[in-house]
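Visitor: Have a look at this one.
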Amino acid sequence: MVPRLVLAKDTVQQVSEAIAAILDLDVEIADQRLSRVAGTGAFAQKIGEPLDRDGFVNREVMRTGDYVLIDETGKHVVCQACARAGSCYATALLCYPIKAPGTTIGTISLVACDSRRRAWLLGNLASCIAFLSKMSELITAKVLEQQALLAQESLHRQLALVMDFLGEGIIAVDRYGVITHFNSYAAQLFGVMPGLVVGQEIRDMVGGTGVYDVLCGGEQQRQQRILMKVGATTCPVLCDAIPIAVDGKSMGAVLKFRDIQTSSRMAYEMSYAAKAVTFEDILGVSRQIKQVKLEAQQVARSSSTVLIYGESGTGKELLARAIHTASPRGHGPFVSINLGAVPDGLLESELFGYEAGAFTGAKKGGKLGKFELANGGTLFLDEIGDMPVHLQVKLLRVLEERRVEPLGSTWPRPLDVRIICATHRDLGAMVARREFREDLFYRLNVVPLVIPPLRERKEDIPPLAGRFYPAHAARLGKQITGISPGAMELLMAYGWPGNVRELSNCLEYAVNMETGPTISAQVLGPKLGNSGHVAAKTAATNPRDDKQELILQVLRVHGTSTAGKKAAAAALGISLSTLYRKLKSMAPAPLPPARDPAPVSSLNTPDPPAPTRHR
């Protein structure tokens, strides 16, 4: 960028007036485009006008970079092309270049308009040239200074715009801890004007934390959870503090932060960016599944706690996600945790989070718990029946107070979280056995929903299978166009102890193993074991009321051990207690010999009986 005299035009005019007062000569200053920037006497009225008719001397100085003296106007070679060569207003003229590094940026001229001033100028020429040299340097220095200030201001504005678009709070402080920048995100978060905060000391906002230590030349701090107070607003934030040092000496610091809720939402967007689940994604034509969806749609509009009962693999989390999507919190995070899959020693920190240094091995900067990550959205607590009793007390307190206190913290964080729980256990029976707190049970069991097992709604198998096998085929690159009638008969006859999850896995196996265009019974047979064959064949060849022979045949396949009876009950589509009742009511007959349970490849051990439904 070429320096321009106009950047310092006020200073240039002051210099011209000072020269005129000292030397008693008129002064004219022009820039590199031969436009008057300053002047005195007759030239004062022409500031801003171009020297297009009488700027020949100025052009010569700009071209050569050296001064020009006109001791007798009209006779100098430069004057020959001027239209005013015979009627010039000047009697003598000294034009001196104004130079910046590597270029000439203008001219400064001393003009004598009568014989007395002409004689003085010519008689003091050396002194005037030396004086103009110093004035030229002064003007150049002022122009470069203004240019640097403008560049600095422009850079500052660019950085301010960048910091405003970062979506984070940015506070810059000098070596004394005085705030020099407070971006728009921070101003909006605390409801203040940036100008009212600049100039204050940062210690008044974050005093007593490790963040302030950064200003004293310490190491940078990452992901510090702190309370920041600006004006009347106090907000918990996650803060990074980065020191600024020059030659090892602290020059200040930059604080970058987000409020906890925004951090939670970002974590959600990164971790749960999959397509939102809706009630349309829950397939089924049975009366039972339609009733569950209807109840779930109705409760989705509220913020009440929901407790979903269902055996493993029935789709409890899918229903929870659909409730979340349909709720007013659907734009917020959906955070899920399986309480049975996390070791007891880690579960408390996973749920409630912890501060830096809360215990040996704690992550530097602390960690957000699931509750804080779900703030503004929904927290899904899967397998709530597996939660240790000592943590049930803390969970109850969080639910009642709507606040969470991380490990090692001295102040609780407010929460706005909807809780949806799920279990395959009978919590009522657990309460009776004192394995689950009664007060927590009533706090969770506000709106109970029961997802029936797949064996009780077998009419849902065809639509579910129609969804699963094309998805598996597309993912595996197989050309599967349908399911044969024989294969569908096996699917309908099987007991599905693993429910919908087992159905999906079974069809994935079939897609992998099938060599033809349709899934066949021959492929499904080994996966389902003989129970499907026995049930389907017996149902087709025996009268409806001939139940005993069917039960005996299934027991011959699975054996009469406890595990065998469980598998037989699953294959028959009845509960184990129902099987025992039917065996007791049957006419005395020798049972098939006891045998070991069927191999894992042909037998899926069912889960415990379904819990008592709470309505």
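Visitor: Restricting to segment 43-59, name every residue that is over 16 Å from ILE108 (Cβ atoms), open to solvent by 70 Å² or more (accessible area, probe 1.4 Å) and either small (Gly, Ala, Ser) or touching a Lys or Arg at 6+ places or on another chain (Cβ under 6 Å) (or both).
Guide: Within segment 43-59, GLU49 is the sole residue that qualifies.
Visitor: Mind listing just one residue for me: the one in segment 201-225 that is of a type in the set (A, V, I, L, M) and modelled with pLDDT of 70 or more and, of those, surrounded by the most Cβ atoms within 10 Å (Cβ to Cβ)?
Guide: Residue satisfying both the conditions and the ranking: ILE202.
Visitor: Still on this model: Kindly provide the set of residues from segment 481-510 that are open to solvent by less than 20 Å² (accessible area, probe 1.4 Å), farther than 28 Å from HIS424 by Cβ and of a type in the set (A, V, I, L, M), ordered by number.
Guide: ALA487
Visitor: Hey, can you tell me all the residues within segment 374-396 that are surrounded by fewer than 23 Cβ atoms within 10 Å (Cβ to Cβ), within 22 Å of GLY330 (Cβ to Cβ) and modelled with pLDDT under 90?
Guide: Passing the criteria: only GLY376.
Visitor: Which of (1) open to solvent by 80 Å² or more (accessible area, probe 1.4 Å); (2) modelled with pLDDT of 85 or more is the odd one out, the single condition ARG118 does not satisfy?
Guide: (1)
Visitor: Next question, about the same structure. Output the residues belonging to segment 397-423 that are surrounded by fewer than 21 Cβ atoms within 10 Å (Cβ to Cβ) and either assigned to a loop (DSSP other than H, G, I, E, B) or at positive phi (or both).
Guide: ARG402, GLU405, GLY408, SER409, THR410, TRP411, PRO412, LEU415, ASP416
Visitor: What residue, among those in segment 178-200 that are farther than 14 Å from MET228 by Cβ, in a strand (DSSP E or B) and not aliphatic (A, V, I, L, M), is most open to solvent (accessible area, probe 1.4 Å)?
Guide: My answer is THR180.
Visitor: Looking only at segment 431-471, count how many residues are open to solvent by less than 60 Å² (accessible area, probe 1.4 Å), assigned to a helix (DSSP H, G or I) and touching a residue at least 40 places away in the same chain (Cβ under 8 Å).
Guide: The qualifying residues number 12.
Visitor: Also: Could you please find all residues in segment 292-301 being open to solvent by 10 Å² or more (accessible area, probe 1.4 Å) and touching a Pro at 6+ places or on another chain (Cβ under 9 Å)?
Guide: Answer for segment 292-301, where residues must be open to solvent by 10 Å² or more (accessible area, probe 1.4 Å) and touching a Pro at 6+ places or on another chain (Cβ under 9 Å): just ARG301.
Visitor: Also, I was wondering about something else. Name the residue, out of LEU415, LEU454, LEU427, LEU449, that is of a type in the set (A, V, I, L, M), under 23 Å from ASN375 (Cα atoms) and touching a helix residue (DSSP H, G or I) at 6+ places or on another chain (Cβ under 9 Å).
Guide: LEU415
Visitor: If we keep just the residues of segment 545-584 that are part of a loop (DSSP other than H, G, I, E, B) and either open to solvent by 30 Å² or more (accessible area, probe 1.4 Å) or not small (Gly, Ala, Ser) (or both), which is modelled with the lowest pLDDT?
Guide: Applying the filter and picking the extreme gives ASP545.
The rows are residues; the columns are (1) modelled with pLDDT of 90 or more; (2) among the acidic types (Asp, Glu); (3) in contact with a Ser or Thr (Cβ under 8 Å, 6 or more places away or on another chain); (4) open to solvent by less than 80 Å² (accessible area, probe 1.4 Å).
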{"position": "ALA30", "(1), (2), (3), (4)": "yes, no, yes, yes"}
{"position": "SER35", "(1), (2), (3), (4)": "yes, no, no, yes"}
{"position": "ASP71", "(1), (2), (3), (4)": "no, yes, no, yes"}
{"position": "ALA81", "(1), (2), (3), (4)": "no, no, no, yes"}
{"position": "PRO97", "(1), (2), (3), (4)": "yes, no, yes, yes"}
{"position": "GLY102", "(1), (2), (3), (4)": "no, no, no, no"}
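Visitor: Would a scan of segment 509-520 turn up a residue that is part of a loop (DSSP other than H, G, I, E, B), within 22 Å of VAL285 (Cβ to Cβ) and in contact (Cβ under 8 Å) with a residue 12 or more places away in the chain?
Guide: no
The values are calculated or read from the model by the stated rules, or taken from the named source; none is laboratory data. Please read all numbers here as calculations on a predicted model, not as lab measurements. Don't worry about glycine lacking a Cβ; one is built from the backbone with ideal geometry, like all the others, and counts go over all protein chains shown. Just so you know, the surface numbers come from the protein's heavy atoms only, side chains and all, with ligands and any DNA or RNA stripped out. Shrake-Rupley method; radii C 1.70, N 1.55, O 1.52, S 1.80 Å.
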